[in-house]
Structure formats: C-alpha cells, structure tokens
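The values are calculated or read from the model by the stated rules, or taken from the named source; none is laboratory data. What you see is a predicted model, and the numbers here were worked out from it, not measured in a lab. A quick note on method: Cβ atoms are made from the backbone with ideal geometry, for glycine too, and the neighbour counts reach across all protein chains shown. What goes into the accessible areas is simple: the full protein's heavy atoms, side chains included, and nothing from ligands, DNA or RNA. Shrake-Rupley method; radii C 1.70, N 1.55, O 1.52, S 1.80 Å.
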Amino acid sequence: MRLISYLLNLVYCLLLAVVFPIILYRVLVQKKYRSGWSQKFLGNLPCRDEDRPCLWFHAVSVGEVLQLPPLLDQIQEQIPDVEFVITTTTHTGFTVAQEKFPQYRICYFPLDFSWAVKRALQRIQPTAVILVEMELWPNFVLAAAELKIPVSIINGRLSEKSFRGYWRIRKLIGPLLNRLHLIATQTENYAERFRSLKGNSDRIHITGSIKFDGIEVERDNPLTAELRSTFRLNTAQTVLVAGSTQSPEERIALDIYLEARKYFPSLRLILVPRHQERFEEVAEMIKSYGLPLIRRSEQRQGDVSTLLPFSNSEAPAVGLLDTLGELKACWGVADVAFVGGSLTKRGGQNMIEPAGYGTALMFGPNTWNFKDVVDALIQHRAAKVVHDQDELLVTLLDWLKDPQTAASQGERAQKFVLDQRGATSRTVNLILPLLMNTKVTSCERAA
C-alpha cells in the first residue's frame, strides 16, 4: 500500500508542476484559491477530541452542500449527540457551507497526498466518512482503510462520460470501490455502472436521489418572497429565470429577452451566473445593453439600487442574483426557467429545483451529468430541450402565447419531483449502523 501511495504522490507532484503556472495566475490575477492552503496541502483540519460519534461528510461544491440539510436533520433526530464535520473542495461550496451550517466544523478537503489525507483523518477521527455523489481519491480511501475508518458513497451517480473514463483505469478503481463500506446510488443505471467496475454487489444499494427530498415546492416560502420583492416583480408580469448560466448564455438570454419583449412587454428577466467570479462581468454586460439593473447583493446590503434610466424602450430592470446559495429559492419566482451550462461544453446544472416549483422548464442538449433525470422529465413531458438560441426563443414565445401549455408542463414537472421523494430516509437507514462503531483516540498523535 505504501508503494502505491508513493507512486500516487509522485504523479500528483508532476501534475502539480505542470498546472502550477495556471494556479499562480488564478491566485494572483483572478484572486481564486487564496484560502485553505494548510488544510489542502498539509491536512491541518481542526483537531477533534470529543468522545462522541462523528460523521465526516464531503460535499464537493454548492450543489452537494445543499443536499445535506434534510439528511443531517434526520440523522440528528435519531442520534442527538452525533457530531458533523463538512468538507468541500471549492471556495463557493465552503462559503455556502459556512452560511448553512454555522454550528458545525466546515473545512477544505485535503488534496490526495498521502501525508495530507492521513493527517486530516487522524485529526478529525471520524466514526465514518460519507462522500456525497462521487469524489473518490485513492490515497484517501487507502489511508482510511489503514485507520479502519469506513468510507461510503451516498446519492451516488456515475455519468456515462465518467464511467468511460473510470473504465480505462478499472484495475485501479475496482479495488478502491471494494474497500468502500457501502455505495448508495440514485438509480439502477448508476448501480450497474458501479458493479461493472467490480464494486462488491452486496455493498451497492439503490436509494433514489436525496436531491428530490430537499426540493422546495411552495412558492410562498420566505426567501422566494424576499427575492420577488428585491427584484420588484408583480403578479401581472411573466418572469424568465436563466440560472447557473455560463458564457455566452447570459448574452443569449438577454437577446431573446429583448426580442420577446417586443410582443410581450410584461416579460421580466432574472440572470443567475454559475460562477461568483463572473458577477461583475455579467453586471457590466447588462448595462452595455442599456438596460436598468437590480443587483441582489446591493439590496441585501441595504444600499439604494443604482438603476440606469429606462433607455431601452422603457424596459424594466433586469435582475442579477449575484449572491451564493439563493438560486434554489430564486427558481420559485420563475414562470419560465432556462437551466444554464446546457448550451455550453461544461454541461447543464441541476434542473430538479425549478421542476419542483412547477416551472415551465427548458435546457440545452448538454446535460450528461443529469441524464437519468432529464430522460425521466422528457418521458413525463415535463421539460423541453432547446438546441440553440433560435429554439430557445421559439419555445419562449410559444409559452408566452399559450401560458396554459406552459403551466401544464410545469404541473407535470412538479408531480414528477413529488413522486420521487423518500431517498433521504432510505439513506439515513444505511448510515445509522456506521455510528455504532465509535472510537476516539488522542488527537495529539496527529499534531
């Protein structure tokens, strides 16, 4: 095992040397990756000495973090003295986790160097480690096995693209999967892919997706109502929300918005860029169209919104949701939703949230990360795939002309979401037995 770890360390160091100029550029110019270096490279996570059960949940980014609340609540209801440690990989995920779980330890996940992962495990001393969806690192799994700490995957998914990549290195991935205590997958298709990679079948369970259990379906929830007020929306208006967008999808949304307003002047647009570092860029883009702008960040801070004059055919203000962790509630103001990333090579984001509100839903063809959900939505006639800007505009105009058709599709989408619920309870029932093996040693050994 040590030889494997040394070889992996060597490979990681070589890769780090190759990408170091890019990392340096992003740190100095883009001001990214500026926090958590000690935790990532050295495994200096907070030292835990408490003699009570502890579950370490690793949620890569924002999407995985937002899946945790109902899961943690149910576990704590059954075992009140359980302690949670939550790690993330991205800065945005870390920020959202701090906002959502101020009562828990929030840390960065260590990079997969043997010294970092072993030190992190020794300092946290978790009863078990739970990986949300799929974030499998060889040195981490091997170090946990050496310390007799069970590692499991919950809400597991393995897209066709990822499966093909793992298949090429199945001689490495297979033994790692066999070291996992359990793999709880969202669908039978995902389970079969894990089995094909030689994961022990008796450790693979199909629970469904916990994403459905945490989905808000009531539009009158407090945060959605606050956002409606922030963006000055009224019931006479039809609202298009373009969320999790990536370049050039914001420009596409603005173009179709202006074209559609020629025929439907009551249309409003809310833009929600996927990445925090693009908020300023998108704000300037909206202004370049001569459109008034309402930024959520300014409203939250109590500032007076600096709206531009109505210089573009007296168009109302475009809303920009430039805060983290609020897209989930923002979908609730939408009559029509476009899920971004789906017209770019990066791939589309979570479309379950707008579906839960009963929104007329559309997205582009690049949705491989959610293929099973997309297939189900299409099968239930609960979503529309648009392949380019022209199709997006045609679909929007069709729905604006025939709002009942749009409403019926939204109703089917919401029913689909409601019918999928229950995965959280099934997942909790698999996790609880892990807490029966609580063993805490002195953290000083890892200091």
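Ranked by the mean number of other Cβ atoms within 10 Å of their residues, highest first, the peptides 190-196, 398-404, 235-241 fall in the order 190-196, 235-241, 398-404. The mean of 1/r over all distinct Cα pairs in segment 329-370, once inverted, gives the Kirkwood hydrodynamic radius of 10.2 Å. The length gained by stretching the chain between ARG219 and GLU160 to full extension, at 0.36 nm per residue less their Cα-Cα distance, is 17.8 nm. Of the residues THR207, LEU180, TRP167, the one whose Cα sits farthest towards the positive end of the charge dipole of segment 142-238 is TRP167 (charges of +1 on Lys and Arg Cβ, -1 on Asp and Glu Cβ, taken about the Cα centre). At a temperature of 20 °C and a viscosity of 1.002 mPa s, determine how fast segment 147-248 diffuses translationally according to Stokes-Einstein, using the Kirkwood radius over alpha-carbon pairs as Rh; express D in µm²/s, rounded to the nearest whole number. Approximately 126 µm²/s, per Stokes-Einstein. Close amide H pairs (under 5 Å, H built 1.01 Å from N) link THR238 with LEU267, ARG268, residues at least 5 positions away or on another chain. Its Cα gyration tensor gives segment 354-420 an equivalent ellipsoid, and the semi-axes of that ellipsoid, as √(5λ) in whole Å with the largest first, are 19, 16, 7.
Counting charges near VAL62 (Lys, Arg +1; Asp, Glu -1) among other residues having Cβ under 13 Å from its Cβ returns a value of -1. Computed over neighbours whose Cβ is under 12 Å from that of THR185, the net charge equals +1, Lys and Arg +1, Asp and Glu -1.
Here the peptides 97-103, 244-250 are ranked by packing, the mean other Cβ count within 10 Å, and the order with the highest first is 244-250, 97-103. Hydrodynamic analysis of segment 246-397 uses the Kirkwood radius over alpha carbon pairs. Inserted into Stokes-Einstein at 25 °C and 0.890 mPa s, it gives a translational diffusion coefficient of 153 µm²/s. Each peptide in 358-365, 207-214, 386-393, 73-80 gets a packing score, the mean of other Cβ atoms within 10 Å over its residues, and the list from highest to lowest is 358-365, 207-214, 386-393, 73-80.
If you work out mean projected area of the Cα convex hull in nm² from the coordinates, which of (1) 21.8; (2) 27.2; (3) 24.0 do you get? This structure yields the entry labelled (1). Each other residue within a Cβ distance under 11 Å of SER201 adds +1 if Lys or Arg and -1 if Asp or Glu, for a net charge of +1. Over segment 358-423, with every protein chain in place, what whole percent of the accessible area is carbon and sulfur at 1.4 Å, could you tell me? Ligands and nucleic acids excluded, carbon and sulfur give 48 percent.
Taking every DSSP helix (H) stretch of at least 4 residues in the chain, weighting each as -39,500 (n - 2.57) and dividing the sum by the residue count yields a mean residue ellipticity at 222 nm of -13000 deg cm²/dmol. Largest first, the extents of the alpha carbon coordinates of segment 1-143 on the three principal axes equal 47, 38, 26 Å. Quick one: among CYS54, CYS13, CYS330, which has the greatest mean-square fluctuation in a GNM of the chain with alpha-carbon springs under 10 angstrom? Among CYS54, CYS13, CYS330, the largest GNM mean-square fluctuation belongs to CYS13. Listed values for segment 265-277 are Karplus-derived 3J(HN,Hα) couplings in whole Hz (6.51 cos²θ - 1.76 cosθ + 1.60, θ = phi - 60°), namely x, 7, 6, 10, 10, 10, 9, 9, x, 5, 10, 4, 5, and x replaces Gly and Pro. Here the 3J(HN,Hα) profile of segment 112-125, calculated from phi with Karplus coefficients 6.51, -1.76 and 1.60 at θ = phi - 60°, is 7, 7, 4, 5, 6, 5, 5, 5, 4, 5, 5, 7, 7, 6 Hz, Gly and Pro shown as x.
Just check segment 192-258 against the gyration tensor rule for me: Cα atoms, a ≥ b ≥ c as the square roots of the eigenvalues, rounded for a/c under 1.5, and otherwise prolate or oblate depending on whether a/b exceeds b/c. Oblate is the answer for segment 192-258, as a/c is 1.5 or above yet b/c matches or exceeds a/b.
Length gained on full extension, ILE79 to LYS198: 39.5 nm, using 0.36 nm per residue less the C-alpha separation. Along its first, second and third principal axes, ordered by size, segment 130-205 spans 32, 24, 20 Å in Cα coordinates.
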